[in-house]
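Please read the structure below before turning to the comments.
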Amino acid sequence: MKPLDGIRRSKEAGKPVIGCFPLYPPLELLHSMGLAPVVLWGLRGPVHDADRHIQNFACSVARRLAQVVIDDAEGLFDGIFFYNGCDTLRNLPEILQEGREELGRDALPVFRVHVPMVPAEQTDASAYLRNEMQNLIVCLESAYGLSFSEESFAESVALYGSARALCLQLEEAVARGGMAFSDFCDTLMSANFLPVEEQIELLESKIAVAGEERALEPSSRVVVSGILPPPPAICKLIDDAGLTVVGNDVAAFHRSYARAPQEWSDVNDYYVRFYRDHFPCTTLLYSSDARFKALTSMVEASGADGFVFIGEKFCEYEYFELPHLEEKLKEKGVSVLPLEISIEDESTAETYRTRIEAFAEVLAGAEATVSGTS
Amino acid sequence: MAREKTNAGTHLTQLIVGSYMDAFKKWKEGALVVWGAIVIPAEIFRGFENVVYCVPETHAALCAAKNVGPELCQRAEALGYSMDLCSYPRIDIGWVSGGRKISPTSGLPKPGLLVSDNNDCSLLTKWFDVHHRNMNIPHFMVDVPFCYGPQEEKDLEYIVEQFRDLISLVEKMTGQTFNIDRFFKASIQTALAMGEWKRFLECAKNRPSGITAFDSFAQMAPFFTSRGTPEMVEHYRILADETEERVKEGDFPVPDEKYRLLWDNIAPWHQMSRMSTRLMELGANIIAAPYTLCIGGLEGSFELFQFSLDKDPLWYMARTQNMSVCPYGLDLRTDAMSWAIEELGIDGVIFASNRSCKVFSVMQMDQQRRISEKFDIPTVMIEMDHADARKFSEESAYMRLEALLENIESRRAAA
């Protein structure tokens, strides 16, 4: 399914569609109020209108997001939500309105929250965030004539909780060889654009098919990391090279669904816990110390002997941490393959074939040496 | 012909060298050394008896201006830091990893505490995290909400709360008690210095301009190295007095000034002398830049924000946390730039699209369009990197700059 098809379905269902800037918007809250939130990443297609507004040294996520929101010829979006996810994204809201105006599109209502980027042990920002969430609710109620209730919110939390649990199950299926990594990525990116109820149906159907463990050729176990999963053609190269993805640290995947509060007192408390205890991410500035521990634990627990870094070209958040991460992983005997993907590279996946195959051979060789079968 | 060095220029060198020497001296005597981001209110550290404050960004800019930027960048790149990362941290990480040897100054003393903020950019936090991991020292992160309109009270209070936490941390680390009187006095010194700074910048209103933006780039350094000190006030008083005197005497940096330009972005540190000379030969003067006009103001305004004796200085420090262009949005940037164009009689604007500073640059395409439409003045966008000379094509930039001047000329002819 194409990304915009999922958004069209929400639109046809009569719900106001809220285009959410990545990475971790409060989806449960928006859904509970009768809105249809969709996180605007994993978009495809050429960028043209946006290039009149944003330099080409912005990442593909920002450029594609801008293209879709500016173009929006079908009027798919009824509002925009964003938080301080990254510096480029924080610069975008006014730019998108400029671009829409240029093309004769209506201005969109914009909703914003500032998520505190301070470690909890340094500054207690929970009151600040509670206030931010409360303001957001008031603004949404006013803009769409909707009302918030804790009961509806709890129901939405349960739905998103189910979807997250299913994502983890699917991830396990990939790790045990029951599903190709390329299929997994395709499924999750498709799910991203669907209403959560349909996400659950899709994920359940995939789990039903992927349930059986498949006998695999001897392969090497890797963790894949990045903001987005690799483009489909590169996912297939990873599969074809005999690499088994036993874990992922992809922002659009594991970082998004790995953790959510199990207990909370109200919606504001939920999001205080949601952001504070979130799976670490390079963009959650307070989580960087925890990130290295989380990743080394993931690698150890999954028995991975390789780590594939999918670098989002121009994402400085990711690149600042790569050298240290590489060093830590190598200390543990884990080989690292850093790949860099830009918009231009996505259609030329063959250029990555040699590197991925060579990496697989190195890992296989190391495995054989360790087991004495070389 | 190059102008002879001004008294303020000589004084600047003495002040900067003195501040670096002083930092080293106090470090050797056991002071806590803080490495902070440029907008962190250093006045807080003046509230302690024995705490020294240094700014890696300023040191990186100095390295770039003295042409050691590329060499230090390459050292960082050899460690795995991408060439797409901002050149300031690449320079700084390259300098630290090389044993702190390559520096036009004696460098910075080793820190015991890192204090970053994310108002200019979040990458400052990522950058300081690198040192936090490698040096195993605490890293305090100041989180400043972005402004799309005037700073909100809830955000101001949130920033103040963090400053209080920072004070507590320094007290805990040093065993010293924060002295509110010292802090208050330091805040007043900064406020006084800002008044003098604005008086210096006002000299750009004269025709010909009494200053170039390059003067302001060089002279902004004390704001980072000597904040909260009487020495900074004295320096900016000397600077403003001397510049006003030169204007009175008819001594101008570009006497044959035909084109008054505005520069939008961080200073091109590696091109300071060369660019000012080449432009002067064409009768062009970049007389101002939001990068330096913003100092002493607020978000969306380059006018002096007055310090109030009735307010808690922490309030003043928090209120000015969004002043430095990057932490505010397109509408506010357009307001501020419009004021500058009108007040200074700008003939054309150079938007320097800077790969090393996405937060400054991603907005320029729309701002350029807005400014061109609003003022009917020509504008141009050039590619640059503020500190990595390898990413700057001089001839390509000058081709565009010359086209800008021709555009101004042709509009005049048609008028």
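With the simple spin-label model, which puts each label point 7 Å out from Cα in the Cβ direction, the A:Lys2 to B:Met83 separation comes to 3.7 nm. Amide H contacts for A:Phe307 (H built 1.01 Å from N in the peptide plane; partners 5 or more residues away or on another chain; cut-off under 5 Å): A:Val223, A:Ser335, A:Val336, A:Leu337.
For A:Gly178, the residues 5 or more places off, or on other chains, whose built amide H falls under 5 Å of its own are A:Arg214. For the stretch B:16-179, a simple Cβ point-charge model (Lys and Arg +1, Asp and Glu -1, everything else neutral) yields a dipole of about 920 debye relative to the Cα centre. Put simply, the stretch B:16-179 fits an ellipsoid with semi-axes of 26, 21, 13 Å; these come from the alpha carbon gyration tensor as the roots of five times its eigenvalues, largest first. Take the accessible area of B alone and of A alone, subtract that of the pair with a 1.4 Å probe, and the total buried over both chains is about 4600 Å².
Maximal additional length on extending the B:Lys101-B:Arg390 stretch stands at 101.9 nm, based on 0.36 nm per residue less the C-alpha distance.
Reducing the stretch A:289-360 and the stretch B:274-288 to their Cα centroids gives an inter-centroid distance of 46 Å.
Taken as Cα centroids, the stretch B:345-398 and the stretch A:1-57 sit 31 Å apart, rounded to the nearest whole angstrom. Within 10 Å of the Cβ of each residue in A:310-316, the mean number of Cβ atoms contributed by other protein chains is 3. Once the Cα atoms are used to define both axes, helix A:196-210 deviates from the longest principal axis of chain A by about 20 degrees. Counting only alpha carbon atoms, the long axis of helix A:60-71 and the longest principal axis of chain A meet at about 30°.
Full extension of the chain segment joining A:Glu300 with A:Ala358 gains 18.6 nm, where the gain is 0.36 nm per residue of separation less the Cα-Cα distance. Counting only Cβ charges, +1 for Lys and Arg and -1 for Asp and Glu, the dipole size of the stretch A:261-374 around its Cα centre is about 300 debye. Label 7 Å along Cα→Cβ of B:Arg182; the stretch B:222-259 residues with amide nitrogen under 19 Å? Taking a point 7 Å out along Cα→Cβ of B:Arg182, the residues of the stretch B:222-259 whose backbone N falls under 19 Å are B:225-233.
What is the list of residues in the stretch B:217-249 whose amide nitrogen lies under 20 Å from a point 7 angstrom out from the Cα of B:Glu29, following Cα to Cβ? Correct set: B:225-232.
A Förster radius of 51 Å, combined with the Cβ-Cβ distance separating B:Leu309 from A:Ala73, puts the computed FRET efficiency at roughly 0.35. At a threshold of 40 Å², the residues of the stretch B:135-152 that become less accessible to a 1.4 Å probe in the full protein assembly than in their chain on its own are B:Met141, B:Asp143, B:Phe146, B:Tyr148.
Taking a ≥ b ≥ c as the square roots of the eigenvalues of the Cα gyration tensor, an a/c ratio of 1.5 or more together with a/b no larger than b/c marks the stretch A:3-143 as oblate. Positive-end ranking of A:Pro16, A:Gln199, B:Trp269 along the dipole of the protein assembly as shown, with charges on Cβ about the Cα centre, is headed by B:Trp269. Counts of other chain beta carbons within 10 angstrom of each beta carbon in peptide B:120-130 average 5. Between B:Gly195, B:Gly99, B:Gly47, the residue with the greatest mean-square fluctuation in the GNM of chain B (Cα pairs under 10 Å linked by springs) is B:Gly99. Between B:Met135 and A:Asn135, the modelled labels are 3.4 nm apart [label points 7 Å from Cα along Cα→Cβ].
Straight-line cross-link reach from A:Lys330 at under 12 Å between alpha-carbon atoms covers these aspartates and glutamates, not counting any fewer than eight positions away in the same chain: A:Asp305. To test your reading of the geometry: what angle, between 0 and 90 degrees and rounded to tens, separates the Cα axis of helix B:330-344 from the longest principal axis of chain B? In chain B, helix B:330-344 runs at an angle near 60 degrees to the longest axis. Each peptide among B:349-360, B:171-182 gets the average number of other Cβ atoms lying within 10 Å of its residues, and from highest to lowest they stand as B:349-360, B:171-182.
Candidates B:Asn136, B:Leu114, B:Phe163 compared by Cα position along the dipole of the stretch B:54-182: farthest toward the positive end lies B:Asn136, with charges placed on Cβ. For the protein assembly as shown, what % of the accessible area comes from carbon and sulfur atoms, probe 1.4 Å? The computed percentage sits at 51. Where in the stretch B:357-374 does accessible area fall by at least 30 Å² between the isolated chain and the complete protein assembly, at a 1.4 Å probe radius? By number: B:Lys358, B:Val359, B:Val362, B:Met363, B:Met365, B:Asp366, B:Arg369, B:Arg370.
Here the stretch B:11-26 and the stretch A:68-91 have alpha carbon centers that stand 48 Å from each other.
Along the axis of the charge dipole computed for the stretch A:3-143 (Cβ charges of +1 for Lys and Arg, -1 for Asp and Glu, origin at the Cα centre), the listed residues A:Ala143, A:Leu65, A:Leu89 are led at the positive end by A:Leu65. Please check which bits of the stretch B:134-161 a label hung off B:Glu343 would reach, taking the label as a point 7 Å along Cα-to-C-beta and the cut-off as backbone N under 20 Å. Only B:149-151 pass the distance filter. Magnitude of the charge dipole for the stretch A:3-143, about its Cα centre and with charges confined to Cβ atoms of Lys, Arg (+1) and Asp, Glu (-1), is about 280 debye. Bridgeable lysines around B:Lys358 (alpha carbons under 25 Å apart, same-chain partners fewer than 8 residues away excluded): A:Lys313, B:Lys66, B:Lys126, B:Lys374, B:Lys391.
With the highest mean first, a sort of the peptides B:199-210, A:295-306 on other beta-carbon atoms found within 10 angstrom per residue produces B:199-210, A:295-306.
Peptides A:233-242, A:2-11 ranked from most to least packed give A:233-242, A:2-11, packing being the mean of other C-beta atoms within 10 angstrom over each peptide's residues. Other protein chain C-beta atoms within 10 Å of residue C-beta, averaged over A:322-330: 3.
The values are calculated or read from the model by the stated rules, or taken from the named source; none is laboratory data. Just so we're clear, the structure is a prediction, and the values are computed from it rather than from any experiment. Here Cβ is always computed from backbone atoms with ideal geometry, including for glycine, and neighbour counts include all displayed protein chains. Heads up: the accessible areas ignore ligands, DNA and RNA and are worked out on the full protein's heavy atoms, side chains in. Shrake-Rupley method; radii C 1.70, N 1.55, O 1.52, S 1.80 Å.
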